[in-house]
Amino acid sequence: MMTSRTRGYTLLEMIVAVAIFAVVMLLASGAYYTLIALARDARATTNAVNTLYFAVEDMTRSIRTGTQYCTTGCFPSSFSFVDDENRTVTYSKNGTTLYRSVAGAGGTALTGVLTDPNVTITKLDFSLANLGAFPQPRVRIIIQGSVETGPGKTQSFSLETSATQRTLEAGSGL
């Protein structure tokens, strides 16, 4: 008579199987945490860049409808004009931040920050030129800087755009 003997796993086989499972799970969890950190950094970068694009869009829209460019002076890192509500608007760089100042008819000034704290502006340059035979002046804007993409990581950028005045100034010699 033959007896059948059921055979199970030995202790050594169980230890090896648990060790392999632990190594695989360690690698998978490390990759998962890396993906979470990358997604967080990408989201922060996207938010910072979106605020920069919004600031540039605000600048170009205001400049297009403005008149009397350089009423209080034009400097490489500052530009002023009179907007469609007859207020003096000045865009400038203060430290590493882009600012917009609005001075109303009563002399009160409102100043606002246009860029995200994760955006560092290193260069803001305005230049004013005519467009050949066209009397409308054109303002060229160059912005350079960096965006913080994570702890201790930054990504540099360089942005250039222009805005052409949409209205004709009476006697404009610009």
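The values are calculated or read from the model by the stated rules, or taken from the named source; none is laboratory data. Computed from a predicted model, the values in this text were never measured in an experiment. Using ideal geometry, Cβ is built from the backbone for each residue, glycine included, and neighbour counts are taken over all protein chains shown. Side chains are part of the model used for accessible areas, which takes the heavy atoms of the whole protein and leaves out ligands, DNA and RNA. Shrake-Rupley method; radii C 1.70, N 1.55, O 1.52, S 1.80 Å.
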Cα coordinate range in the stretch 24-117, projected on the principal axes (Å, largest first)
69, 25, 24
Of 109, 120, 19, whose Cα points farthest to the positive end of the dipole of the chain (charges on the beta-carbon: +1 Lys, Arg; -1 Asp, Glu; origin at the Cα centre)?
19
Averaged per residue, what accessible surface does the chain expose to a 1.4 Å probe, in Å²?
65 Å²
Is it possible to state the helix-based mean residue ellipticity at 222 nm for the chain, with each DSSP H run of 4+ residues giving -39500 (n - 2.57), the sum divided by total residues, to the nearest 500 deg cm²/dmol? What is it?
-12000 deg cm²/dmol
Going from the alpha-carbon gyration tensor of the chain, what semi-axes, largest first and in whole Å, does one get by taking the root of 5 times each eigenvalue?
63, 15, 13
Exposure rank, largest accessible area first [159, 27; 1.4 Å]
27, 159
The stretch 9-61: D in µm²/s via Stokes-Einstein (Kirkwood Rh, Cα pairs, 10 °C, 1.306 mPa s)?
108 µm²/s
